[in-house]
Amino acid sequence: MLSTDTRQLKTEAICLKVFPHGESDFIVHFLSPELGKFGVIAKNVRKAKSQLKGACEVISVVQLELHRGKNLHILSQYESKQSFPAIRSDIILLAGALVAVELLAGVTNEGDTDSGYLYDTLLESLQRLEGLSQREEEKLSGLFEQLCLLSMQVLETSGYGLSVDTCVICHHTQEMTAPVYYFSPSLGGVLCAECGSTVPSSSRVKTRAETLKALAAPSAYSWSPEVGLNTQKLLHYYLSHKLERSLKAYAFLFDLLI
C-alpha cells in the first residue's frame with residue numbers, strides 16, 4: 001500500500017537493478033505496484049557501516065521509506081520483507097531470478113503507475129522459484145516453466161505479445177507436427193515452413209515444434225533440459241530484437257546450462 005505526504009513516500013517494492021553513483025552512493029531501480037518502475041539514490045550505502053545495504057540487493061522485496069526528490073527519490077529507511085535465501089544459495093535459480101527481474105526492468109517504463117499486475121506476477125514467480133525442489137531434474141523443469149509463464153504473461157501485458165501457435169503471415173493454426181518451423185522477432189512470432197521460406201534468413205531462425213509447444217502451454221508441458229534451453233534462447237532472441245539490446249542475465253544463465 002502506498003503511503004504519501006508532501007515530502008515522504010512509503011511503498012513495497014522489488015529491487016530490479018543497482019549501479020554505482022559517485023564515490024559512495026548507489027542508484028537503485030525498483031518496481032512497485034503503485035509507483036511502477038522508479039529510481040532512488042541510496043546515499044553512502046557503499047560505506048562499510050551503512051544500514052541501507054539490504055535495500056540494494058537485487059530480487060529482494062522491501063518496504064521503502066523515501067524522501068521525495070526532484071529527479072530521484074532518496075532512500076531513508078527500509079524493512080526487508082522477502083530475501084529469497086534458497087534462490088541466493090543456488091546459482092542456477094539465481095540466474096533464473098536475474099532473468100526475471102531484468103525482463104521486467106526492460107519492458108516497463110518509469111512512472112507507469114499501472115503496474116500492479118506486473119509486480120504481482122514477478123513476485124509470484126520469485127516465490128515459486130524459492131519453493132522449487134532441489135532435485136536437479138525437478139528444479140530445472142520448474143525453472144523453465146516459471147520463466148516461460150512469466151515471460152509470456154509479461155510480454156502480453158506490456159504490448160510485446162508473440163504468437164507461438166499461429167503463423168503470423170498466413171494465420172493458420174499450426175498442428176505442431178512439422179519437423180521445422182521458423183520464428184521471426186520482427187513479425188512477432190512463428191512462421192509455418194512455407195511462409196518462413198519467403199522471409200529473409202537474416203530476419204528469422206529455425207525452431208522446432210517442441211519448443212513452440214512448451215511456450216504455448218508451459219504448465220502442461222513435460223520439460224526436458226534441451227527444450228527448456230531452447231525456449232529461453234528463443235525468448236532472448238525475441239527480446240533482444242524488441243528492446244534493441246541483449247539481456248545480460250540470459251548470457252549468465254546460458255553459461256551455466258550449456
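Things to note:
- From the options Leu155, Leu126, Leu122, Leu132, residue that is surrounded by fewer than 20 Cβ atoms within 10 Å (Cβ to Cβ) and in the same structural domain as Arg208 (by TED's automatic domain parsing): Leu155
- Restricting the range 214-236 to residues that are part of a helix (DSSP H, G or I) and of a type in the set (Gly, Ala, Ser), the residue that is surrounded by the most Cβ atoms within 10 Å (Cβ to Cβ) is Ala214.
- Among the candidates Gly116, Gly106, Gly111, Gly142, the residue that is in contact (Cβ under 8 Å) with a residue 12 or more places away in the chain and on the phi > 0 side of the Ramachandran plot is uniquely Gly111.
- Screening the candidates Leu155, Leu147 for the property of being at pLDDT below 95, on the phi < 0 side of the Ramachandran plot and in a helix (DSSP H, G or I) yields one hit, Leu155.
- Check on Thr177, in a loop (DSSP other than H, G, I, E, B) and out of contact with any His (no Cβ under 8 Å at 6 or more places or on another chain): yes
- Note on the range 49-72: residues that are under 15 Å from Leu16 (Cβ atoms), of a type outside the set (Asp, Glu) and modelled with pLDDT of 90 or more amount to 8.
- Tabulated pairs, the range 52-69, first within 17 Å of Val101 (Cα to Cα), second in a loop (DSSP other than H, G, I, E, B) and among the β-branched types (Val, Ile, Thr), C-beta under 7 angstrom, 6+ apart or interchain: Cys56/Val45
- Restricting attention to the range 30-48, the residues being in a strand (DSSP E or B) and either among the aliphatic types (A, V, I, L, M) or modelled with pLDDT under 90 (or both) number 4.
- Residue within the range 192-200 that is assigned to a helix (DSSP H, G or I) and within 16 Å of the chain's Cα centre (by Cα) present: no
- Checklist (1) in contact (Cβ under 8 Å) with a residue 24 or more places away in the chain; (2) among the hydrophobic types (A, V, I, L, M, F, W, C); (3) touching a strand residue (DSSP E or B) at 6+ places or on another chain (Cβ under 9 Å) applied to Ile258, failing item: (3)
- Being under 18 Å from the mean Cα position of the chain (by Cα), of a type in the set (Ser, Thr, Tyr) and at negative phi is a property that holds for Tyr160.
- Filtered by the rule that a residue be assigned to a strand (DSSP E or B) and without any contact (Cβ under 8 Å) to a residue 24 or more places away in the chain, the range 5-29 gives Phe19, His21, Asp25.
The values are calculated or read from the model by the stated rules, or taken from the named source; none is laboratory data. This is a predicted model, so every value here is computed, not measured. All Cβ positions, glycine included, derive from the backbone under ideal geometry; neighbour counts span all protein chains shown.
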